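Bear in mind these aren't lab numbers, they're just calculated from the coordinates by the rules spelled out. Everything numeric here is computed off the predicted structure, so don't read it as measured data. Cβ sites come from the backbone with ideal geometry, for glycine too, and all protein chains shown count toward neighbours.
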């Protein structure tokens, strides 16, 4: 049972890259090969996975992607190509979020509850577009500060 796994994501200007994550789901979570939206109460998550998600450390290996230059600390969260294709067709201006580097945390993550539907993605996109239009060192610091609050209190989006 490997601790880490690699997953393809869409980054800056639509370029594909791999993120490394702590494994929190069973290996057969997508046994039919088709990507499935993660859910808040997802029965594919292992017991250890529940702990690392609750402690919010499941995303820490993505810091390697920051060091490689594929990601930033703050920006819209990178999605899998399957979902990007779907959401780009269904949500106007979705692709605009790829005009900045994706982030380990983002404005949508500290402002919007956990969601895993097209409707949630449309709501989160409003925050992502705000970030794209207004990103600055100050906004990044606000997001990082609020992310620390979310991690310490266990409240907010995941």
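Figures for the structure shown
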item: For peptides 101-112, 125-136, 45-56, sequence by mean Cβ density within 10 Å, most packed first; result: 101-112, 125-136, 45-56
item: Residues of the range 44-58 with amide N under 18 Å of the 7 Å Cα→Cβ point at residue 4; result: 49, 52-53, 57-58
item: Cβ crowding within 10 Å averaged over residues, with 87-93, 65-71 ranked highest first; result: 65-71, 87-93
item: More than 23 Å apart - percent of Cα-Cα pairs taken over the range 4-153; result: 34 percent
item: Mean Cβ neighbour count within 10 Å, used as a protection proxy, ranking 144-153, 76-85 highest first; result: 76-85, 144-153
item: Separation of alpha-carbon centers, the range 94-136 and the range 57-84, rounded to whole Å; result: 13 Å
